[in-house]
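Colleague: Okay, handing you the structure first.
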Amino acid sequence: MSSPKIVIFNDTHGWHSKQLVDALKLLDITAILTDLADCTIDLDHPAGIIIPGFEDQLPTAAIVRGIAPGSLEQITLRMDVLHTLAELNVPVFNPASAIEHTVDKARTSLRLHLAGLNTPKTWACENSTIAREIASKQFSQGRILVIKPLFGCQGKGIEKVTNLGEFDAIQPVGDAFYLQEYMAPFESSHWQDWRLMVIDGQVCAAMSRRSQHWITNFAQGAECFPAAITQEMEQLAINAARVVQADYAGVDLIRDQQGHYSILEVNSVPAWKGLYQATGISIADHIAHALAKRISSSHKVPFNNAVH
């Protein structure tokens, strides 16, 4: 029997893809690197989709490491490929549903809230008058707000506003307002949060990110340190990944001034270079082993019997 052949999707393959390729190779799994944007829907094809490197077969599994920005139509086509692979019983880390639940911050906030998990107070709307009224009310109650792009990562495009003058000066990305209550640090002027990596319902690594600035992303220059975590933190992260239906996720937690933890974000296509450098733990090895288990228990639809 030939060894499994899987696909790793990303628009720019680099360090993370190499880590995965090497980890999978140790398990006798071959990985082909490609981009979701290069896939084709073709109903003359038995499976209905063509993935570069898999013209005559379906991949045994798929890992999503990145999806390039694009129009609504382009993103929809890429999600179509992921949805179809799952419908053909091809394991996908992470499935389209998890990506849809997390790429849109409002969707994530709603799922966390409805599941009863701690997350900062959040408002999202399109109407600028309503958004301004929300901001005015929060400022009158002494709160500071953070405005974030609905779609975004690595701390880019985030603004902190303390009054209506600052609010009015900001043009929200895509004319969509996503507002969150600013969480003051547990220790004054000591900005810190935690990134926990959850894979198949278990936390495999955790780090603390500390910064001289209130934005604590590794990509924005924060320092990363290995972190011991409490049972509260561990359970929050596991529950957050479960709520968004993610096989693997980077869950960001923050501690408020009362000492309680809240979920800031759930990333279903998480980078882990900072986590690896801080802890020495190979996240790629954990993902590879989780995927190998999923492959061994999956029942993929035979290629020649794939339904259109």
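Rule-based calculations on the coordinates, nothing more; no lab input. These numbers were taken from a predicted model, which means no experiment stands behind them. Every residue, glycine as well, gets a Cβ built from its backbone with ideal geometry; the counts of neighbours run over all protein chains shown.
Colleague: Have a look at TRP15, TRP191, TRP123 and tell me which one the Gaussian network model of the chain (Cα, springs below 10 Å) gives the largest fluctuation.
Modeller: Per the Cα network of the chain with a 10 Å cutoff, TRP15 tops the list.
Colleague: To continue, here is another question. Starting from one equal scatterer on each C-alpha and no solvent at all, send me the Debye-based log10 I(q)/I(0) for region 38-135 at q = 0.16, 0.20, 0.24 Å⁻¹, two decimals.
Modeller: -0.79, -1.03, -1.29
Colleague: Also, I was wondering about something else. Order these peptides, 261-273, 168-180, by their mean beta-carbon neighbour count within 10 angstrom, highest first.
Modeller: 261-273, 168-180
Colleague: Note the angle between two axes, namely the Cα long axis of helix 105-114 and the longest principal axis of the Cα atoms of the chain, as a number of degrees from 0 to 90, rounded to the nearest 10.
Modeller: 80
Colleague: If you take the beta carbon distance between GLN258 and TRP15 as r and set R0 to 41 Å, what does 1/(1 + (r/R0)^6) give as a FRET efficiency, to the nearest 0.05?
Modeller: Calculated value: 0.60.
Colleague: How much net charge surrounds SER262 when only the other residues with a Cβ under 12 Å from the Cβ of SER262 are counted, with Lys and Arg +1 and Asp and Glu -1?
Modeller: Combined, the nearby Lys, Arg, Asp and Glu give -4.
Colleague: Between the helical axis of 283-297 and the dominant principal axis of the chain, each derived from Cα atoms, what acute angle in degrees is found, rounded to the nearest 10?
Modeller: 50
Colleague: Given the options THR119, THR76, THR162, state which has the largest fluctuation in a GNM of the chain using a 10 Å cut-off (strictly under) for Cα springs.
Modeller: Among THR119, THR76, THR162, the largest mean-square fluctuation in the Gaussian network model of the chain belongs to THR76.
Colleague: Okay, next question. Grab the beta carbon distance between SER297 and LYS137, set R0 = 51 Å, and tell me the FRET efficiency rounded to 0.05.
Modeller: Approximately 0.50, to the nearest 0.05.
Colleague: What does the charge count around LEU36 come to, taking other residues whose C-beta lies under 12 Å from its C-beta (Lys +1, Arg +1, Asp -1, Glu -1)?
Modeller: Charge balance near LEU36 sits at -2.
Colleague: Which whole-number percent of Cα pairs in region 122-181 have a distance greater than 20 Å?
Modeller: Above the 20 Å cut-off, region 122-181 has 14 percent of its Cα pairs.
Colleague: Taking the Cα atoms only, what angle lies between the long axis of helix 72-87 and the longest principal axis of the chain, rounded to 10 degrees?
Modeller: With both axes taken from Cα atoms, the answer is about 50 degrees.
Colleague: Report the residue, chosen from SER109, SER97, SER128, that carries the largest GNM mean-square fluctuation when the chain is represented by alpha-carbon nodes joined by springs under 10 Å.
Modeller: The residue with the greatest mean-square fluctuation here is SER128.
Colleague: For GLY201, what is the net charge nearby, where nearby means another residue's Cβ is under 10 Å from its Cβ and Lys, Arg count +1, Asp, Glu -1?
Modeller: -1
Colleague: A further question follows. Of LYS18/LYS160; LYS105/LYS137; LYS137/LYS273; LYS5/LYS148, which ones are farther than 30 Å apart at the Cα?
Modeller: From LYS18/LYS160; LYS105/LYS137; LYS137/LYS273; LYS5/LYS148, over 30 Å: LYS18/LYS160; LYS137/LYS273; LYS5/LYS148.
Colleague: Continuing with the same structure: I want to check the label-to-label distance for GLU55 and THR76. Put each point 7 Å from Cα in the C-beta direction and report it in nm to one decimal.
Modeller: 2.9
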